[in-house]
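What follows is a short report on a single structure.
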Amino acid sequence: MKRRAFTLIELLVVIAIIALLMAILMPALQRVKNQAKGTICVQNLRTMTMAWIMYKDDNDDELVKGTTGSSDGSWVSSPQDNATIEQKKEALRNGALFPYVGNTVDVYRCPADLRQKDPRVYAFRSYSIAGGMNGVNPAGGWQIYPIIKYSEIKRPASKYVFLEEADPREYNRGSWVMRPKSKEWVDPFAIWHSRTKSTLGWADGSAEMHRWLSKSLIEWNKLACEEPDKFSFYKPRHEDDLEDFTFMLNGYAYRALQ
């Protein structure tokens with residue numbers, strides 16, 4: 001028996017159905033992919049916060065230095081200017097926290113962080129320590145006296161230690177800071193999850209995803225990653241980001257205002 005071939009119209013109908021199915025499935029697959037990256041990011045910060053806690057257990061309750069330094073006991077070392085990605089990884093290995101994270105640099109990076117592919121920023125490490133957690137010099141103009149001992153932290157479950165930062169200067173320099181007294185944002189946080197969310201690691205060892213509400217705040221932070229040449233540090237708090245600012249201020253641990 002002679003077999004009937006598909007007509008052109010039938011082939012076009014099949015192609016149209018396949019295209020429709022792809023259009024339906026692709027957003028769903030992208031959401032699944034983004035959720036997987038978010039899960040890895042949260043797990044990374046759980047690992048980092050537990051490493052941070054183990055460090056203070058081995059050091060008479062003293063917090064690891066939360067800034068970036070060379071040989072001063074900082075949690076990570078500073079890479080040289082124009083360093084390669086491998087040199088930036090080596091700076092992580094030289095940091096005081098590295099022995100506590102399982103001796104792998106992968107936990108320092110969110111899989112949604114694409115800055116290592118961008119020659120304008122070319123960064124590897126995704127996370128920073130909040131400045132109030134032994135991360136600033138009191139004389140540095142940050143308006144706070146930082147916490148030095150873990151026992152000084154009131155309600156550890158409500159105070160964040162780590163957060164995703166999108167510093168546009170080749171790597172996340174220093175610690176992540178804000179100005180409580182003058183009500184100013186200073187450093188950008190990274191919004192790599194669903195374009196509205198970031199990951200936070202808390203002083204009790206937990207980690208979670210947080211959603212930002214202010215559109216203007218989200219746009220300001222997006223500039224750090226997407227248009228770093230246009231980004232400027234320091235942003236006064238406005239009424240439209242009052243809820244976000246209050247949330248971050250309430251979680252920003254420090255001993256006292258200057």
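Helix 215-226 and the longest principal axis of the Cα set of the chain meet at an angle near 80°.
Using only alpha carbon pairs under 8 Å that are at least six residues apart, calculate the relative contact order of segment 10-257 and give it in whole percent. RCO, segment 10-257: 20 percent. Among Leu163, Leu63, Leu12, a tally of other beta-carbon atoms within 10 Å of each Cβ gives an order, fewest to most, of Leu12, Leu163, Leu63.
Taking Rh as the Kirkwood radius, which is the inverse of the mean 1/r over Cα pairs, what is the Rg/Rh value for segment 10-257?
1.03
Divide the volume of the convex hull around the Cα atoms of segment 139-204 by the residue count and you get 123 Å³ per residue.
The charge dipole of the chain, taken about its Cα centre with unit charges on the Cβ atoms of Lys, Arg (+1), Asp and Glu (-1) only, comes to about 940 debye. Computed from phi, the 3J(HN,Hα) profile of segment 228-234 under the Karplus parametrisation 6.51, -1.76, 1.60 (θ = phi - 60°) reads x, 5, 9, 7, 10, 5, 6 Hz, with x in place of Gly and Pro.
Seen against the Cα atoms of the chain and their longest principal axis, helix 242-251 is set at about 50 degrees. Considering only His238, Met54, Asn94, the residue lying farthest towards the positive end of the dipole of the chain is His238, judged by Cα position with unit charges set on Cβ.
Summarising the strand pairing of the chain, around 80 percent of its internal DSSP beta bridges are antiparallel. Ordering Asp244, Asp58, Asp204 by the number of other Cβ atoms within 10 Å of each residue's own Cβ, fewest first, gives Asp58, Asp204, Asp244. Spin-label model, Ser194/Ile17: points 7 Å from Cα along the beta carbon direction are separated by 3.4 nm.
Greater than 18 Å separation of Cα atoms is the criterion. Which listed pairs, Lys149/Lys197; Lys197/Lys230; Lys89/Lys149; Lys65/Lys149, meet it?
Working: Lys149/Lys197 30 Å; Lys197/Lys230 22 Å; Lys89/Lys149 28 Å; Lys65/Lys149 11 Å.
As for pairs spanning more than 18 Å Cα to Cα, those are Lys149/Lys197; Lys197/Lys230; Lys89/Lys149.
Between Asp204 and Asp61, the FRET efficiency estimated from the beta carbon spacing at R0 = 25 angstrom works out to 0.95. In this simple spin-label model, placing a label point 7 Å from the Cα along the Cα-to-Cβ direction at both Lys37 and Ser158 gives a separation of 3.4 nm.
Taking the chain, the Cys residues with no second Cys beta-carbon under 4.7 angstrom are Cys225. Segment 182-245 and segment 89-162 have Cα centres separated by 16 Å. Round to the nearest 10 and give me the degree value, 0 to 90, for the angle of helix 8-58's Cα axis relative to the longest principal axis of the chain. Here the helix axis deviates by roughly 20 degrees.
Any read-out appearing in this document is the output of simple, stated calculations on the displayed coordinates, not a laboratory observation. What you are looking at is a predicted structure, and each value in this text was computed from that prediction instead of being measured. When we count neighbours, we look across all protein chains shown, and the Cβ atoms used for this are built from the backbone with ideal geometry, even at glycine.
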